[in-house]
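See below for the structure under consideration.
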Amino acid sequence: MGDRKTLRIGVLGGAGRVGVALRRELCNRVHTIRVLDLIKPPELSANETFRQTDMLDPHDLSAAFEGLDGIVHLAGIPKEAPLQEILAVNVTGTTNVYEAARRTGVGRVVLGSSNHVVGCYPRSAQVGPMDQMRPDGLYGLSKCWGELTAGLYWDKHGIRSLIIRIGNSSVRPMLPRSLEVWISPKDLCQLTMIGLLHEDVTATTVFGVSRGGGSWWDNSLAARMGYDPKDVISDHAAPEAFLPDEEGPVSRHFQGGRYVAADHDGVIRDR
Ligand SMILES: NC(=O)c1ccc[n+]([C@@H]2O[C@H](COP(=O)([O-])OP(=O)(O)OC[C@H]3O[C@@H](n4cnc5c(N)ncnc54)[C@H](O)[C@@H]3O)[C@@H](O)[C@H]2O)c1
């Protein structure tokens, strides 16, 4: 792995919402970015190129990764979806990503995971990276698969991953819950650079949240690796975010909010 001035990285899913916002920050911190996606993003910076890539095609993916130092993996379905779609895209896709990294000698992955890996913890709990996963749906389960895959490829092949459990990465915090979980593009970029460069990264899990949120999570590991979020969530929030939370009792009780409430039987259980 080189230093930041020589880093050649791929951003898979770089045409998506998180990818577009993150790249605006990231492009100033690395040598070049290869944007890999099914669709072309609206804009590219001077040091960015686009390569149409389907992560469900293993050969295409390997060709796309050739010559890169690291991959930021943001591609896939970012919400609840039917099982067959989640399996086909998120589960198979992320497995393909790690296999292509192994085949092409890419030694680093920054994995866009989600807070929905632990969404079934109550908001009264503080969850750390080593605590048991408690996903809140099929989407969250697919992210558990991704995180475990990162561990497998470290254990067997030495591929380093920073697993970022992204909270919410909307343009601005719009809901009461987002005051707790939002992350700005600048802070996500800071975490991404830690993932690409920090020597202590193995298969390391952190929570992606800006300043003033994250009370549900123990993010001390991220702090030890130098994460120092700069953006204060409430400074960026829309007025609606400060209104009373009108979600139902299940949604308000659990960290995953609406994702937990979907298909829930209404009985609040703790373990
Ligand atoms: N947006 C959030 O608030 C949020 C929160 C937590 C986690 N995440 C995670 O961050 C990542 C990005 O989320 P997003 O909101 O930008 O989603 P998005 O849907 O806007 O972007 C996903 C991108 O992946 C691409 N993609 C889908 N299938 C592909 C394939 N087969 N090959 C190549 N590219 C493919 C899409 O074209 C799209 O550009 C996802 O992994 C999501 O689960 C997002």
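A Förster radius of 30 Å, combined with the Cβ-Cβ distance separating T202 from L243, puts the computed FRET efficiency at roughly 0.10. Number of Lys-Lys pairs in the chain with C-alpha atoms under 27 Å apart and a separation of 8 or more places or on different chains: 12. Only Lys, Arg, Asp and Glu carry charge here, each on its Cβ (+1 for the first two, -1 for the last two); on that basis the range 170-215 has a dipole of about 300 debye about its Cα centre.
Nonpolar atom fraction for the range 4-261, defined as the carbon and sulfur part of the 1.4 Å probe accessible area, stands at 54 percent. Farthest towards the positive end of the charge dipole of the range 4-261, among the residues S161, L243, L7, is the Cα of L7, using unit charges on the Cβ of Lys, Arg, Asp and Glu. Its Cα centre serving as origin, the range 1-137 has a Cβ charge dipole (Lys and Arg +1, Asp and Glu -1) of approximately 440 debye. For the range 4-261, the gyration tensor built on C-alpha atoms gives a prolate shape. Its axis ratio a/c (a ≥ b ≥ c) is at least 1.5, and a/b is the larger of a/b and b/c. For the chain, the longest principal axis of the C-alpha atoms and the axis of helix 185-197 are separated by about 50°. For D136, the residues whose modelled amide H falls within less than 5 Å of its own, excluding neighbours fewer than 5 places apart on the same chain, are G119, C120, L141.
The amide H of V109, built 1.01 Å from its N in the peptide plane, has I71, R160, S161, L162 as neighbours under 5 Å, considering only residues 5 or more places off or on other chains. Amide H contacts of G208: R165, I166, G167, each under 5 Å away and 5 or more positions distant or on a separate chain (H built 1.01 Å from N in the peptide plane; Pro and chain starts excluded).
Accessible surface for the range 4-261, divided over its residues, is 44 Å² per residue with a 1.4 Å probe. Projecting the Cα atoms of V118, Q132, Q52 onto the charge dipole of the range 4-261, computed from C-beta unit charges around the Cα centre, puts Q52 farthest toward the positive end. When peptides 212-223, 136-147, 109-120 are ranked by their average number of other Cβ atoms within 10 Å per residue, the highest-first order is 109-120, 136-147, 212-223.
Here the range 4-261 is assigned +1 on the Cβ of each Lys and Arg and -1 on the Cβ of each Asp and Glu. Its dipole about the Cα centre then comes out at about 480 debye. Picking from P249, P82, P41, which is most flexible by a Gaussian network model of the chain using Cα springs under 10 Å? Residue with maximal mean-square fluctuation among P249, P82, P41: P82. Working note: Karplus 6.51/-1.76/1.60 with θ = phi - 60° gives the range 121-135 the couplings 7, x, 5, 6, 8, 10, 9, x, x, 8, 5, 4, 5, 9, x Hz, where Gly and Pro are set to x.
Relative to the longest principal axis of the Cα atoms of the chain, helix 138-157 runs at roughly 40 degrees. Taking A75, A238, A46 in turn, the Gaussian network model of the chain (Cα-Cα springs below 10 Å) assigns the largest fluctuation to A46.
Subtracting the Cα-Cα distance of E43 and Q132 from 0.36 nm times their residue separation leaves 28.1 nm of extension gain. The angle separating the long axis of helix 92-104 from the principal Cα axis of greatest extent in the chain is about 30 degrees.
The values are calculated or read from the model by the stated rules, or taken from the named source; none is laboratory data. None of these values were measured; they are calculated from a predicted model. So basically every Cβ, Gly included, is an ideal-geometry build from the backbone, and we count neighbours across all protein chains shown. In case anyone asks, the SASA skips ligands and DNA or RNA and just uses the protein heavy atoms, side chains included. Shrake-Rupley method; radii C 1.70, N 1.55, O 1.52, S 1.80 Å.
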